[in-house]
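Derivation of every value follows stated rules applied to the coordinates shown; laboratory data play no part. Since this is a predicted model, take the numbers as computed values, not measurements. Neighbour counts are summed over all protein chains in view; Cβ atoms, including those assigned to glycine, are modelled from backbone coordinates with ideal geometry.
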Amino acid sequence: MKKLFIITTCLIVSFNVFPQKGNNKLIAEYEDTLKFIAYEIMNAETEKERRAANDAFILNLEEVLQYEKSYDFPFDSLVTISKIKSPDKRFRIFNWLLRKDNNTYEYYAFVHSYNKRMKKYEIINLVDNSSNIRNVEQSELDAKNWYGGLIYDIIYIKKRGRKYYPLLLWDGNDGH
C-alpha cells in the first residue's frame with residue numbers, strides 16, 4: 001500500500017510543472033496512473049487500502065481535469081469508472097463506487113464542464129449523502145447532498161426555458 005502512495009505522490013509533483021493547457025501525451029500519462037489506482041480501488045484487500053487508493057484517485061482526477069484538453073479526452077482505459085456525457089454535450093460525469101468491508105458501497109462522482117463566462121473548466125464533486133436522505137422522491141438534492149449511485153444515463157429536459165438533467169442510477173445498497 002505504501003508503494004501506491006509513493007507512486008501517486010511522485011506523479012502529482014512531477015505533473016505540476018506542465019502548463020495548464022496540457023496535451024494528450026500528458027493526459028495519457030495521468031490516465032495510466034488513474035488506471036492503476038482504479039484497479040486498487042476495486043481490488044485491494046481491505047477497506048483502508050481501497051480508501052487510500054480512492055483518495056489518490058480523486059487527487060489525480062481533479063488535477064488532470066483542470067487541463068484544457070482533458071474534456072475531450074476519452075479516458076477509455078478506466079474501465080471501472082463510468083464516464084457519461086450529457087445529451088447536449090455540456091458536461092460529463094465521472095462516477096465510481098468504493099466497496100466497504102460491510103459489503104455496502106459509497107459512490108463518488110465529478111461533474112466536468114466548461115464555464116464559458118469564466119473561461120475555465122469546472123469540476124463539481126457530488127457528495128454521496130444517501131444514508132441520510134429520507135423520501136428521496138420528494139427531496140431537493142444538490143452537489144453536497146446527492147443520492148449516490150452508479151449513473152447509467154442522463155436525460156435532457158428543457159421546460160419553460162430551463163434545462164434539467166435527471167440522472168438514472170443504480171444503488172447497490174438495498175440488497176437487490
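Throw me the Rg/Rh for the chain, computed over C-alpha atoms with Kirkwood Rh, two decimals.
On the way: Rg = 16.9 Å, Rh = 17.3 Å.
Ratio value, two decimals: 0.97.
Hey, for a label at TYR164 modelled as a point 7 Å past Cα toward Cβ, could you say which residues of the range 129-144 have their backbone N under 15 Å away?
137-142
Measuring from the lowest to the highest alpha carbon on each principal axis, how far does the range 56-102 reach, largest first, in angstroms?
38, 24, 17
What are the semi-axes of the equivalent ellipsoid for the range 93-141, taken as the square roots of 5 times the Cα gyration tensor eigenvalues, largest first, in whole Å? Each step should come with its number before you reach the end.
On the way: eigenvalues 148, 54, 8 Å².
Equivalent ellipsoid of the range 93-141: 27, 16, 6 Å, largest first.
What is the sum of charges around ALA28, taking Lys and Arg as +1, Asp and Glu as -1, for the other residues whose C-beta is under 14 Å from the C-beta of ALA28? Each step should come with its number before you reach the end.
Working: positive: LYS25, LYS35, LYS69; negative: GLU29, GLU31, ASP32, ASP72, ASP76.
Taking every Cβ under 14 Å from that of ALA28, the sum is -2.
Counting other Cβ atoms within 10 Å, keep those with at most 15, restrict to DSSP loop, and tell me which trypsin sites (Lys or Arg not before Pro) in the range 140-171 are left. Walk me through the numbers on the way to the answer.
Details: sites: LYS144, LYS158, LYS159, ARG160, ARG162, LYS163; in loops: LYS144, ARG160.
Sites meeting the loop and neighbour criteria: LYS144, ARG160.
What are the equivalent ellipsoid semi-axes of the range 33-122, built from the alpha-carbon gyration tensor (square roots of five times its eigenvalues), in whole angstrom, biggest first? Can you show the working numbers first?
Details: eigenvalues 139, 33, 25 Å².
Equivalent ellipsoid semi-axes, largest first: 26, 13, 11 Å.
Net charge near SER77: determine it from the other residues with C-beta under 10 Å of the C-beta of SER77, scoring Lys and Arg +1 and Asp and Glu -1. Walk me through the numbers on the way to the answer.
Working: positive: LYS35; negative: GLU31, ASP32, ASP76.
So the surrounding residues net to -2.
Check the straight Cα-Cα distances from LYS120 and name the aspartates and glutamates below 12 Å, setting aside those fewer than 8 residues away within the same chain.
Filter leaves GLU68.
Could you work out the Kirkwood radius for the range 98-176, taking every pair of different alpha carbons, averaging 1/r and inverting it, reported in Å?
Values: mean 1/r = 0.0694 Å⁻¹.
Hydrodynamic radius (Kirkwood, Cα only) of the range 98-176 equals 14.4 Å.
Starting with the highest mean, order 52-61, 130-139 by the number of other Cβ atoms within 10 Å, averaged over the residues of each peptide.
Details: 52-61: 20.1, 130-139: 9.3.
Result, highest mean Cβ count within 10 Å first: 52-61, 130-139.
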